[in-house]
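Comments concern the structure below.
Since every read-out is calculated from the coordinates, none of them should be taken as a lab result. Because the structure is a prediction, the values reported are computed rather than measured. Here the Cβ is made from the backbone with ideal geometry for all residues, glycine too, and neighbour counts use every protein chain on show.
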Amino acid sequence: MIWRFTLRRLAVGFVQLSVLVIAVFFLIRLLPADPVARFIGMNASPEAYALAEQSLGLDLPVTSQFGIFLLGDGDEGDGLIGGDLGTSWVTGSSVNQEIRQFLPVTLELITLSFLVAVGLGVPIGVFGAVNPGGAADKGTLIYGLFAGSQPEFSWGIIFIFIFFVILGVAPGPLGRLSPLTDPPDFVTGAITIDALLAGRVDIFLEALWYLSLPILTLSFVLSGPIIKMVRENVAQTMNADFMFYGQAAGLPRNVLARDALRAAFAPALTLIGILFGFMIGGAVLIESIFSISGLGQYAIRSILAFDYPAIQGVVLTISALTLLIYLAIDVCQALLDPRVSV
Amino acid sequence: MADSQNTVLSAHGLSVEYADDSPTLADINIDLKAGEIVGLTGGSGSGKSTLAYALLALTRHSARITGGRVEFGNRDLLALSDIELEQIRGRDIALIVQNPRSALHPMYQVGQQISRVYQTHGGSRGAMAQQRAIEMLRLVGINDPERRADAFVHELSGGMAQRVLIALALSTNPKILIADEPTSGLDVTVQAQFLDTMWETSRKTGTAMMLVTQEPGILANYCDRVIELDAGRVIKDVSASEFVYGSILQSTDSPVSDQNACQVGEPLVMVEGLRKTFPLRGTKKVVQAVDDVSLSLFKGESVGLVGESGSGKSTVGRCLLKLLESDAGKITFDGQDLTDATGESLRQLRRRIQIVQQDPYDSFDPRWTIEQSLRDPIEIHNIVPIADAKTAIEDSLNRVSVELSTLARRPKDVSAGVLQRIAIARALLTKPDFLVLDEPTSMLAPQGRHIILDVLKQLRTDLDLSYLLISHDLTSVASACDRVVVMYLGQVVEVGPTSDIFSKPAHPYTKALIGAHLEESPQTRRVDKSDRLDLEGEIPSPIDLPVGCYLATRCLQAKGACHTERQELEKLNSHHDVRCMRASEIELDEAS
């Protein structure tokens with residue numbers, strides 16, 4: 001049952017991605033931009049311009065370009081069908097490799113941030129729901145409004161100012177490691193995992209230390225909606241008839257608490273998944289402020305340089321990941337709640 | 001009863017208040033003796049449920065218990081700690097609530113929910129507990145309990161979920177069972193089966209019961225003693241026979257007398273071979289809502305359409321107004337073909353046919369005042385000049401005995417019974433010839449029900465109005481209709497004059513329906529009758545209908561041919577039709 005559902009959803013996701021590929025490919029070519037001029041400079045001779053245009057493949061008709069993008073051009077690259085996203089016009093290296101390098105950085109950052117936000121948000125939300133109107137409940141409400149009152153980059157700058165500049169208790173916004181430390185061998189791309197794989201606990205701790213401010217900033221903003229959602233769901237569940245009946249049937253408190261959490265968690269799961277999908281592309285400003293070269297940085301750089309293959313690669317990666325995350329949420333929902341028909 | 005003097009549960013000076021300090025219960029003193037069944041009754045808002053919960057030291061929402069004692073076995077429940085209460089609730093005192101489907105956790109299998117309560121209160125664990133759950137489900141009359149134990153609550157019907165709840169409550173052999181309107185929302189035949197089971201179980205196990213209900217029929221049939229509440233105070237604590245006698249004197253129902261008097265000339269409404277199916281999403285199957293219904297209704301006549309939920313009554317009503325397009329069949333109104341009517345002619349016909357729906361709060365715009373809602377039909381149909389609208393509105397409100405001050409209010413500030421009468425008044429504004437009333441009383445307390453029926457009878461006398469009263473409540477139909485049409489699974493199974501249907505029903509389904517009806521008299525208690533004509537189980541799914549007689553799967557009289565041959569509606573006499581090939585045979589069997 002669940003397998004059939006997953007397969008069907010994957011098939012639908014494949015169709016969605018295919019449409020997206022076509023849309024992205026043609027839309028960026030409709031932009032009133034001249035990537036060739038950007039590539040060789042404004043003062044290049046017409047011959048040099050023509051040569052560059054030819055080397056980028058932009059002299060061909062758009063449909064032929066799409067064909068090459070999909071199927072490859074024979075001598076280099078297999079095209080999208082073969083899983084090859086092409087070669088970056090700026091760096092000349094494979095887009096696949098570049099995404100392979102930048103994506104784990106972003107995933108590491110937002111996964112750690114979500115662990116902190118969920119780890120703090122769920123207990124705080126439950127506590128607020130169990131003691132409605134109490135000081136903690138009011139405090140979290142004000143906190144939620146406060147944290148949501150400014151965009152995350154603004155909080156990032158404020159936190160750097162407070163914790164690094166004034167108090168001096170946090171590292172500067174210098175990336176994921178001190179510039180003097182040699183990073184561990186590239187295995188997964190997530191520096192904390194790579195450090196552990198290399199057996200370097202000192203680098204692992206250093207990475208956590210350098211990531212602490214960006215994680216604080218992201219989880220500060222993310223935990224607002226998570227707390228609110230969990231609080232509302234748990235409060236609603238506690239008022240549900242089945243909780244009252246469970247009490248009337250003499251079920252012990254710990255059993256009742258588990259019942260409530262199970263019923264309340266399913267909707268919160270959806271919110272967390274959606275926020276996560278959103279953050280894959282949305283953490284770009286935090287990456288900028290803290291000099292973390294993640295996928296968002298890569299996307300910005302590619303867009304500013306009119307690096308078409310890179311833009312296509314980033315959009316496809318983010319979309320595919322988001323679709324997979326939504327699918328994972330739906331599968332989890334169905335496993336948690338028998339009423340969700342799959 | 002030998003041990004009737006042993007009080008098992010008693011409340012002394014019990015008071016409950018809501019957060020806004022409005023007292024809900026004040027100084028309640030009641031008791032419950034071993035093996036006794038006590039009915040707890042009173043109007044809505046009288047504090048019945050609050051009292052039932054307070055006996056378990058529980059309150060809902062913002063209410064809290066402010067004083068008094070609840071004594072159970074020399075202990076005051078209100079003075080116990082939560083942990084001590086956990087051990088008493090569910091084990092010694094069990095609760096059954098209304099809305100069983102929301103009282104069960106949506107994400108656990110029902111068998112598991114029974115077994116974990118059983119385990120909590122010292123029952124065996126694991127497979128043994130699961131066995132106990134299945135055994136309890138079988139005891140409360142659930143077919144195929146092994147499979148049902150694995151079901152989730154959303155896969156069960158309301159009746160089945162209610163049984164799961166009673167299985168859960170009784171699994172621990174409690175000394176006391178408190179049931180809060182356990183049958184509200186159930187069909188009559190299911191209600192009777194359910195209450196029978198509960199009554200028998202209570203008598204077998206010696207469980208004392210407190211049954212919260214508004215239905216005089218239930219009080220008369222199943223209770224030994226009745227406690228009546230009004231505005232949070234006990235106003236009566238008497239034996240059941242005394243209580244019911246008192247309430248009969250208050251409401252005297254005169255049934256319609258001049259039956260068949262008005263069946264002259266052409267019928268006003270004629271339905272022939274009506275059929276309606278609904279496609280089932282994602283499959284090629286259809287839900288057969290109405291399957292070959294024919295009926296006729298004369299000018300000034302009132303016809304009752306009865307049957308359990310899922311029998312297609314409401315669909316027939318909606319097809320009559322062309323709110324639903326029928327798949328086949330012909331509907332004629334006053335000589336005009338309604339099935340083909342469109343545009344202006346349909347609008348004219350709709351002015352003459354009006355409908356009153358089940359839930360009055362759903363049929364009024366919550367943001368409009370009553371007056372705005374009543375002006376609407378006048379303006380749409382240009383009934384009277386706008387200047388006279390106010391007079392017309394006031395006239396129609398007077399007809400249904402609603403105070404004119406209500407006009408300025410909004411629906412949420414009006415009680416359900418009054419709002420339903422306003423809905424009737426609104427229907428009358430277009431001066432209709434024919435009214436379809438779709439379960440107009442099912443949301444109302446008995447008091448409100450009586451008023452609606454009185455209003456309907458008055459309207460018929462004053463305006464010569466014809467109406468089709470769709471209801472599952474036989475009392476309403478008996479008192480307000482000339483003829484009765486009984487439906488089962490989309491088919492008309494019996495048609496006849498009200499007196500014939502009630503005194504000599506011919507179809508086994510009609511018999512069961514009437515047998516399940518709880519008379520408001522302790523002299524003719526259902527539980528005392530030995531020759532009850534019951535049905536087994538619940539109404540089959542209208543998707544995969546039985547091949548032969550639709551009732552064959554539930555009918556105790558069914559023989560071989562019943563399961564294979566489709567039944568036709570046949571004349572029993574000049575105005576009594578029945579759809580049962582064995583109708584006369586069964587009658588002979590019973591006579592001998």
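Before moving on, here are some points about what is shown:
- Other-chain or far-sequence residues with amide H under 5 Å of B:Cys580's (modelled H): B:Glu570
- Angle between chain B longest axis and helix B:240-250 axis [Cα atoms, degrees, rounded to 10]: 30 degrees
- Label point at A:Asn43 placed 7 Å out along Cα→Cβ; residues across region A:84-112 whose backbone nitrogen lies under 12 Å: none
- Positive-pole candidate from B:Leu170, B:Thr391, B:Thr207, dipole of chain B, charges at beta carbon: B:Leu170
- Exceedance of the 29 Å cut-off in Cα-Cα distance is limited, within the set B:Lys330/B:Lys571; B:Lys299/B:Lys571; B:Lys457/B:Lys511; B:Lys276/B:Lys529; B:Lys313/B:Lys571; B:Lys457/B:Lys529, to B:Lys276/B:Lys529; B:Lys457/B:Lys529.
- In this label model, A:Ile162 and B:Arg138 are separated by 6.6 nm, measuring between points 7 Å along each Cα→Cβ vector.
- Highest-fluctuation residue, A:Val331, A:Val36, A:Val255 considered, GNM on chain A with Cα pairs under 10 Å: A:Val255
- Averaged over B:164-171, number of beta-carbon atoms from partner chains that fall within 10 Å: 1
- Ordering B:His121, B:His563, B:His517, B:His61 from the fewest to the most neighbouring beta carbons within 10 Å gives B:His61, B:His563, B:His517, B:His121.
- Applied to region B:390-407, the Karplus parametrisation 6.51 cos²θ - 1.76 cosθ + 1.60 on θ = phi - 60° returns per-residue 3J(HN,Hα) values of 4, 5, 4, 5, 5, 4, 5, 5, 4, 4, 9, 6, 10, 5, 5, 5, 5, 3 Hz, with x for Gly and Pro.
- Ellipsoid equivalent to region B:349-455 - semi-axes via the Cα gyration tensor, in Å: 20, 16, 12
- Integer Hz, Karplus 6.51/-1.76/1.60 couplings in order for region B:208-225, x for Gly and Pro: 7, 10, 10, 10, 8, 7, 9, 8, x, x, 5, 4, 5, 7, 10, 9, 8, 9
- Shielding of A:235-247 by partner chains, average beta-carbon count, 10 Å: 6
- Ranked A:Glu206, B:Glu272, B:Glu590, criterion: other C-beta atoms within 10 Å, fewest first: B:Glu590, B:Glu272, A:Glu206
- Other-chain or far-sequence residues with amide H under 5 Å of B:Leu9's (modelled H): B:Leu32
- Residue among A:Pro173, A:Val284, A:Ala147 farthest towards the positive dipole end of region A:95-336, charges placed on Cβ: A:Ala147
- Principal semi-axes in Å for chain A [√(5λ), Cα gyration tensor, largest first]: 43, 27, 18
- The slack in the chain from B:Ala408 to B:Thr7, taken as 0.36 nm per residue of separation less the alpha-carbon distance, amounts to 139.2 nm.
- For A:Lys228, the lysines whose Cα falls under 29 Å of its own Cα, not counting residues fewer than eight places away in the same chain, are A:Lys138.
- Pairwise label distance in nanometres, B:Asp230 with A:Leu27, each label 7 Å out on the Cα-Cβ vector: 7.1 nm
- Charges were assigned to the Cβ only: +1 to each Lys and Arg, -1 to each Asp and Glu. The resulting dipole of region A:36-84 about its Cα centre is roughly 260 debye.
- Site pair B:Ala387 and B:Arg275 shows an inter-label distance of 5.5 nm when each label is modelled 7 Å from Cα along Cα→Cβ.
- Using the Karplus relation 6.51 cos²θ - 1.76 cosθ + 1.60 with θ = phi - 60°, the per-residue 3J(HN,Hα) values for region A:157-169 come to 5, 4, 5, 4, 4, 6, 7, 9, 6, 7, 7, x, 9 Hz, with x marking Gly and Pro.
- Computed helical MRE - 222 nm, chain B, DSSP H runs ≥ 4 contributing -39500 (n - 2.57), nearest 500: -10000 deg cm²/dmol
- Cβ-Cβ FRET estimate between B:Ser62 and A:Leu141, R0 fixed at 30 Å, reported to 0.05: 0.90
- Cβ crowding within 10 Å, taken as a proxy for footprinting-reagent exposure, orders A:Trp89, B:Trp368, A:Trp155 from fewest neighbours to most as B:Trp368, A:Trp155, A:Trp89.
- The amide H of B:Met209, built 1.01 Å from its N in the peptide plane, has B:Glu36, B:Ile37, B:Val38, B:Leu177 as neighbours under 5 Å, considering only residues 5 or more places off or on other chains.
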